[in-house]
1. Would you be able to say whether some residue in the range 60-72 is of a type in the set (S, T, N, Q) and crowded, with 18+ Cβ neighbours inside 10 Å?
2. Which of the residues that make up the range 47-80 are acidic (D, E) and more than 21 Å from the chain's Cα centre (by Cα)?
3. Among the numbered criteria (1) modelled with pLDDT under 90; (2) touching a Lys or Arg at 6+ places or on another chain (Cβ under 8 Å), which single criterion is violated by V66?
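The values are calculated or read from the model by the stated rules, or taken from the named source; none is laboratory data. Just so you know, these numbers come straight off a predicted model, no measurement behind them. Cβ placement follows ideal geometry from the backbone for every residue including glycine, while neighbour counts extend to all protein chains displayed.
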Amino acid sequence: MEQYGSAGAEDAVDQIRAHARGVFEATASAYSLMDPDYVILAVNPAFADLVGMSAADLLGRQAFEVFAESPSQSEQEPARVMRDSLERVKRTGQRDSMLLHRFDIPDPARPGAFLERYWSPVNNPVLDDEGRVVALLQEVHDVTEHRDDLVRLLGYLSADPDASDADRDQRFAEYSAATMVTSSLYRSARREVEQLQEAMSSRAGIEQAKGILMGRHHCTSAEAFLRLQKMSNDTNVRLTDVAAAIVYQVTAPPSGG
């Protein structure tokens with residue numbers, strides 16, 4: 001298969017950007033788009049968050065220069081393994097799943113240091129109208145917290161002589177999805193609890209502020225709430241923050257003179 005042509009590559013990438021930008025930007029999965037020389041053309045917010053780098057620091061740079069190998073991984077050659085997968089995609093025009101791949105990334109907070117990371121990358125071809133590979137779309141999932149489970153699963157799959165490569169890939173994908181969904185549900189539930197706690201705290205503050213206004217203006221609870229709303233609208237400050245300010249005025253200790 002012919003890999004790519006210079007004339008159609010730019011047009012094809014422009015079409016991808018034009019028609020898929022909304023999905024690309026909004027999805028929770030992490031994606032990066034590279035040209036056949038592995039120069040990063042686009043990343044979505046999920047990818048930038050995952051690697052701890054801004055899009056501005058990634059775009060236009062060669063992926064293997066941005067994500068240089070950690071010296072501690074020199075014997076494992078993670079960059080070569082990743083490049084081999086991408087080369088297979090360019091050569092065959094078919095997606096290539098890497099299942100479990102350790103590739104430590106630079107620590108944004110500590111120059112020269114690396115963060116240990118395990119990924120489940122899927123490298124996809126982007127084809128032009130003639131079926132030539134003009135770009136590479138990489139989807140990555142951080143599976144570091146599931147690493148031990150996934151290693152055990154891979155050991156089980158490799159010990160099954162009757163399983164085809166397709167069967168192993170499918171079973172691994174299902175297991176990976178299950179573990180990631182479980183983790184995602186946990187994080188989602190934790191966010192909901194935190195939001196509920198915040199809402200309860202905010203409600204308590206509003207009720208306390210209403211009580212202060214009721215005593216100060218000799219008004220009903222409903223009238224006090226209307227006063228809070230008016231102060232919020234007039235100052236363009238959130239209702240909870242207005243309430244917190246009223247409570248603070250009453251409860252703050254006097255300043256020393």
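1. Yes, because at least one residue in the range 60-72 is of a type in the set (S, T, N, Q) and crowded, with 18+ Cβ neighbours inside 10 Å.
2. Residues satisfying the conditions are E65, E69, E75, E77.
3. Result: V66 fails condition (2) only.
Per-residue answers, yes or no, for (1) more than 20 Å from F47 (Cα to Cα); (2) touching a residue at least 24 places away in the same chain (Cβ under 8 Å); (3) loosely packed, with under 14 Cβ neighbours inside 10 Å:
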residue: M82; (1), (2), (3): no, yes, no
residue: L86; (1), (2), (3): no, yes, no
residue: V89; (1), (2), (3): yes, yes, no
residue: M98; (1), (2), (3): no, yes, no
residue: D104; (1), (2), (3): no, yes, no
residue: P108; (1), (2), (3): no, yes, yes
residue: Y118; (1), (2), (3): no, yes, no
residue: P121; (1), (2), (3): no, yes, no
residue: G131; (1), (2), (3): yes, yes, yes
